[in-house]
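Asker: To start, I am sharing the structure in question, which I have written as structure tokens.
The values are calculated or read from the model by the stated rules, or taken from the named source; none is laboratory data. This structure is a prediction, so every number in the text was calculated from the model and none was measured. Neighbour counts run over all protein chains shown; Cβ positions are idealised from the backbone, glycine included.
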Amino acid sequence: MSGRLIVVVGPSGAGKDTVIDALCAARPDLIRARRVITRPSEAGGEDFEGVSEADFDTRAAAGAFALHWGAHGLRYGIPVEIDGHLAAGRDVMFNGSRGILTTALARYPEMRTLFITADADVLAARLNARGREDAEDIARRLKRADYAMPAGVNMVRIANNGTVQAAVDAALSALYPARV
């Protein structure tokens, strides 16, 4: 039995990484793919591998990424090693982009998508609190918050306006209904 690829998407500030961390704590058998990103590793946030544009290009050309995309002036890659986990029957989760979903679905037909979202005022407060964007960047990110999902994507929408545990419980119920 193959594992499932679970792509977590949603607007900046929705709490995707927080929910992913909590899901992985609740499900130790769930593999979190460590992203490769063209930003310095010390930039904070999730645990990722920071690389230069040149290194990213070299890896992409060599087929080192199962999936890769660009967003917000950065490039993101998911190492091809996820395929081994999936083949071994383990579910693999990563923080993705709505723009990669169609490509991901073509490669991983059993893919599931968690769309983590929150009300606009909650998103704005979280973005302000993390301090990585200026007011103009935050306004742009909020404008994209309701970006449409591609057709054909098996998606569950999770509102993360309250406690992290409530969002995690909703995600677990959607992903593992027989086990909750």
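Asker: Please work out if residue 122 is of a type in the set (Val, Ile, Thr) and over 17 Å from the mean Cα position of the chain (by Cα).
Answerer: Judged against the criteria, residue 122 is a match.
Asker: Okay, next question. Let me confirm something: among 77, 15, which residue is buried (at least 19 other Cβ atoms within 10 Å of the Cβ) and within 21 Å of residue 157 (Cα to Cα)?
Answerer: 15 is the lone residue from the list that is buried (at least 19 other Cβ atoms within 10 Å of the Cβ) and within 21 Å of residue 157 (Cα to Cα).
Asker: Cβ-Cβ below 6 Å, separation at least six or inter-chain, first residue in segment 7-23 and on the phi > 0 side of the Ramachandran plot, second of a type in the set (Ser, Thr, Tyr): which pairs?
Answerer: Sorted first by the residue in segment 7-23, then by its partner, the pairs are 10/117.
Asker: Only one of 117, 103 is surrounded by fewer than 16 Cβ atoms within 10 Å (Cβ to Cβ) and either touching a strand residue (DSSP E or B) at 6+ places or on another chain (Cβ under 7 Å) or modelled with pLDDT of 95 or more (or both). Can you tell me which?
Answerer: Exactly one residue qualifies, and that residue is 103.
Asker: Looking at segment 33-81, which of the residues that are in contact with a strand residue (DSSP E or B) (Cβ under 8 Å, 6 or more places away or on another chain) and among the hydroxyl-bearing types (Ser, Thr, Tyr) is nearest to residue 9 (Cα to Cα)?
Answerer: 76
Asker: Being closer than 23 Å to residue 166 by Cβ and basic (Lys, Arg) is the filter here; which residues of segment 19-57 pass it?
Answerer: 27, 32
Asker: I need the full set of residues from segment 148-180 which are in contact with a strand residue (DSSP E or B) (Cβ under 9 Å, 6 or more places away or on another chain) and in a loop (DSSP other than H, G, I, E, B), in order please.
Answerer: Answer for segment 148-180, where residues must be in contact with a strand residue (DSSP E or B) (Cβ under 9 Å, 6 or more places away or on another chain) and in a loop (DSSP other than H, G, I, E, B): 149, 153, 154, 160, 161.
Asker: Give me the pairs: first residue in segment 160-176 and closer than 23 Å to residue 12 by Cβ, second residue loosely packed, with under 14 Cβ neighbours inside 10 Å, beta-carbon distance under 7 Å, and six or more apart or on different chains, which are they?
Answerer: That search, which allows pairs on different chains as well, returns 161/119.
Asker: When you check residue 98 against the structure, is it basic (Lys, Arg), at pLDDT 90 or above and within 25 Å of residue 166 (Cα to Cα), yes or no?
Answerer: no
Asker: Please note which helices (runs of 4 or more DSSP H) are completely contained in segment 1-96 and include at least 3 residues that are closer than 21 Å to residue 129 by Cα.
Answerer: The helices (runs of 4 or more DSSP H) meeting that bar are 16-26.
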